[in-house]
Amino acid sequence: MASPWRMIGGAVGLVALAVGVLAVVYLTAPATPGPDLARSKASAKGVFTVAIAPEMGDIRQGELHSWLVTLKTRKGAPVEDAKIIVGGGMPEHAHGLPTSPEATAYLGGGRYRIEGVKFSMSGWWQLKLGISSPVGADQATFNLVM
Ligand SMILES: [Cu+2]
């Protein structure tokens, strides 16, 4: 008959083994390639540095809101007289944006207001900005997870 101590020792050993296996699985699992959530980045061809920020802070699913886009040259000079076309959608659902956001104002300092953005469901969204300006044309894609 097994002594209680041996049984306890066996149980502890099993737990330790399980923890070890989980640790190995965890450490060797490939990192899930979540979308890059940076809100400031170089545009696709490197013409601009583009930053986005919600104008009012919090973004709530299903509510119309506006974003401020800040456009700078790679040397940091504000980009004026830019035209910004907004597209996007949910890459995993193959649908576009539920609204047609538009650039409605230039606020100075390379900042533009984009109005009419809505994320109608939870998940991974992309906002794609097509930018043309006297400095050049380029585009930038931002990922957002609601
Ligand atoms: Cu969707």
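The values are calculated or read from the model by the stated rules, or taken from the named source; none is laboratory data. What you see is a predicted model; the values in this text were computed from it and never measured. Every residue, glycine among them, receives a Cβ derived from its backbone with ideal geometry; neighbour counts consider all protein chains shown.
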Quiz item: What is the residue count in the stretch 105-131 for residues that are of a type in the set (Gly, Ala, Ser), closer than 17 Å to ALA77 by Cβ and either in contact with a Gly (Cβ under 9 Å, 6 or more places away or on another chain) or touching a residue at least 40 places away in the same chain (Cβ under 8 Å) (or both)?
Solution: 1
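Looking at the stretch 125-145 only, could you name the residues that are within 15 Å of the ligand (Cβ to nearest atom) and crowded, with 16+ Cβ neighbours inside 10 Å?
We begin by selecting, within the stretch 125-145, every residue within 15 Å of the ligand (Cβ to nearest atom); these are 125-127, 143-145.
Selection gives TRP125, GLN126, LEU127, ASN143, LEU144.
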Exercise. Evaluate the following for ILE59: is it surrounded by 14 or more Cβ atoms within 10 Å (Cβ to Cβ), touching a His at 6+ places or on another chain (Cβ under 8 Å) and of a type outside the set (D, E, K, R)?
Key: yes
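Going by what's in this entry, would GLU63 be described as under 18 Å from ALA53 (Cα atoms), in the same structural domain as LYS45 (by TED's automatic domain parsing) and part of a loop (DSSP other than H, G, I, E, B)? Show your work before the answer.
Working: under 18 Å from ALA53 (Cα atoms): yes; in the same structural domain as LYS45 (by TED's automatic domain parsing): yes; part of a loop (DSSP other than H, G, I, E, B): yes.
Answer is yes for this residue.
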Self-check item: Hits in the stretch 102-124 (condition: more than 16 Å from the ligand (Cβ to nearest atom) and in contact with a His (Cβ under 9 Å, 6 or more places away or on another chain))
Solution: GLU115, GLY116
Quiz prompt | Residues satisfying the stated conditions in the stretch 54-73, i.e. away from the ligand (no atom under 16 Å from the Cβ) and β-branched (Val, Ile, Thr) | solution = VAL69, THR70, THR73
Exercise. Go through the stretch 74-96 and give me each residue that's under 17 Å from ALA140 (Cα atoms), outside any loop (DSSP other than H, G, I, E, B) and either within 16 Å of the ligand (Cβ to nearest atom) or out of contact with any Gly (no Cβ under 9 Å at 6 or more places or on another chain) (or both).
Key: GLY87, GLY88, GLY89, MET90, GLY96
